[in-house]
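Student: Pasting a structure below so you can have a look.
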Amino acid sequence: MGKIVSISNQKGGVGKTTTAINLASNLVELGKKILLLDIDPQGNSGSGLGLEVQSLNKTTYELLIGELSAREVIHKTFVDRLDIIPSNINLSGLEVDFLGIDKKEFKLRDALASVKQDYDYILIDCPPSLGVLTINALCASQSVMITLQTEYFALEGLSQLMRIISLVQNQWNPGLELEGVLLTMYDKRTNLANQVADDVRNFFKEKVYQTIIPRNIKLSEAPSFAKPINYYDPDGVGAKSYRSLAEEIVGMS
Ligand code: ATP
Ligand code: MG
């Protein structure tokens, strides 16, 4: 049975999509079958894997409004065993479609039920907001991974995110767990990054992954070549760090 993991933080630009794509691709390298689901209207997970997302009409949006089934919106990628449900700007209208609708929090959970057993992991790339999209992702998930940019304001806004996670646990999804906290864009040359990493470890303790993703130019270039890092720069530190994260997650490290 596939484990559904949301990758979330309502702060923008903290490495959610980079982690979604590269963790997915490295879990595949470890032999896992992965579905990556983009629930962010920006559609970056799909475009980062080479899909022309703005012209697609089989996306997370059609899935959530019940027009198409999960199987109908799953796209193959050039990576074997890595499938994707992409999104695009249409998803930003969902809040309006859902006005007055019953049990809207469970739309994603229910829509994924029929394909959950086909994958080892379903990773959900969340938007930088805490509205109906993130709530749907958290209600569908067994766990949530938080990515934090290793900079001064890393912990800012975290209490809101933790409050939403508690709300979801209390109201809709009591089994939701904290999968782990990932430090990204780490620059070891700065004292500040080290101090932030210490603060995060003091706060989240053993929930922080041993693997820290460094700031690495190849990681930021890879999406424009429509490739995960293990294809774009397989021997670089970016690929190594996401491989090590994948190993940590499947318990091989
Ligand atoms: P959003 O909230 O807008 O969805 P996000 O949290 O998904 O953003 P990303 O898109 O993954 O964040 O990353 C933001 C920017 O930082 C992107 O340009 C990305 O290429 C770059 N980036 C992400 N991780 C790294 C890294 N480890 N080293 C260098 N650049 C990175
Ligand atoms: Mg993103």
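The values are calculated or read from the model by the stated rules, or taken from the named source; none is laboratory data. Nothing here was measured: the structure is a model prediction, and the numbers come from that model. Positions of Cβ are generated from backbone atoms using ideal geometry, with glycine treated the same way; all protein chains shown enter the neighbour counts. What goes into the accessible areas is simple: the full protein's heavy atoms, side chains included, and nothing from ligands, DNA or RNA. Shrake-Rupley method; radii C 1.70, N 1.55, O 1.52, S 1.80 Å.
Student: Evaluate the distance, in nm, between pseudo-label points positioned 7 Å from the Cα of GLU177 and of SER69 along their respective Cα→Cβ axes.
Tutor: 3.1 nm
Student: Report the local net charge at ILE146: Lys and Arg +1, Asp and Glu -1, summed over other residues whose C-beta lies under 11 Å from its C-beta. Walk me through the numbers on the way to the answer.
Tutor: Values: positive: LYS11, LYS16, LYS207; negative: GLU179.
Local charge sum for ILE146: +2.
Student: Quote the accessible area belonging to ASP118 in square angstrom, nearest 10, computed with a 1.4 Å probe and with ligands, DNA and RNA left uncounted.
Tutor: Solvent-accessible area, nearest 10 Å²: 60 Å².
Student: Let me know the shape class of the chain, please: from the alpha-carbon gyration tensor, a ≥ b ≥ c as square roots of the eigenvalues, rounded when a/c is under 1.5, otherwise prolate if a/b is greater than b/c, or oblate.
Tutor: Since a/c reaches 1.5 but b/c is at least a/b, the shape of the chain is classed as oblate.
Student: Of the DSSP beta bridges with both residues in the chain, give the percent that are antiparallel, rounding to the nearest 5.
Tutor: Beta bridges within the chain, antiparallel portion: roughly 5 percent.
Student: Around GLU221, what is the net charge, scoring Lys/Arg as +1 and Asp/Glu as -1 over all other residues with Cβ under 13 Å from its Cβ?
Tutor: Taking every other residue near GLU221 into account, the sum is +2.
Student: With all protein chains present, how much of the accessible area of the stretch 1-160 (probe radius 1.4 Å) comes from carbon and sulfur, to the nearest whole percent? Before the final figure, lay out each step's value.
Tutor: On the way: 2910 of 6060 Å².
With neighbouring chains kept in place, the figure for the stretch 1-160 is 48 percent.
Student: Another question, then. Starting from the Kirkwood radius over alpha-carbon pairs of the stretch 44-141, derive D by Stokes-Einstein at 25 °C in a medium of 0.890 mPa s and give it in µm² s⁻¹.
Tutor: Estimated via Stokes-Einstein, D reaches 177 µm²/s.
Student: If you don't mind, there's one more thing I want to ask. Name the trypsin sites (Lys or Arg not before Pro) in the stretch 26-123 that are in a loop by DSSP and that have at most 16 other C-beta atoms within 10 Å, would you?
Tutor: Of the trypsin sites (Lys or Arg not before Pro), the ones in loops of the stretch 26-123 whose Cβ has at most 16 other Cβ atoms within 10 Å are LYS33, LYS58, LYS103.
Student: Most mobile of ASN191, ASN44, ASN88 per a Gaussian network model of the chain (Cα springs, under 10 Å)?
Tutor: Looking only at ASN191, ASN44, ASN88, the biggest GNM fluctuation is shown by ASN191.
Student: Counting other C-beta atoms within 10 Å, and keeping those with at most 11, which DSSP coil GluC sites (Glu not before Pro) do you find in the stretch 137-227?
Tutor: Of the GluC sites (Glu not before Pro), the ones in loops of the stretch 137-227 whose Cβ has at most 11 other Cβ atoms within 10 Å are GLU156.
Student: If I take R0 = 30 Å and measure r between the Cβ atoms of ILE101 and SER220 in this structure, what FRET efficiency does the formula 1/(1 + (r/R0)^6) give, to the nearest 0.05?
Tutor: Given R0 = 30 Å and the Cβ-Cβ separation, E is 0.20.
Student: What does the extension gain come out to for LYS76 and ASN170, with contour length at 0.36 nm per residue minus their alpha carbon separation?
Tutor: 30.3 nm
Student: Right, here's the next one. Note the count of lysine pairs whose C-alpha atoms are less than 23 angstrom apart in the stretch 102-253, limited to pairs 8 or more residues apart or on different chains.
Tutor: 11
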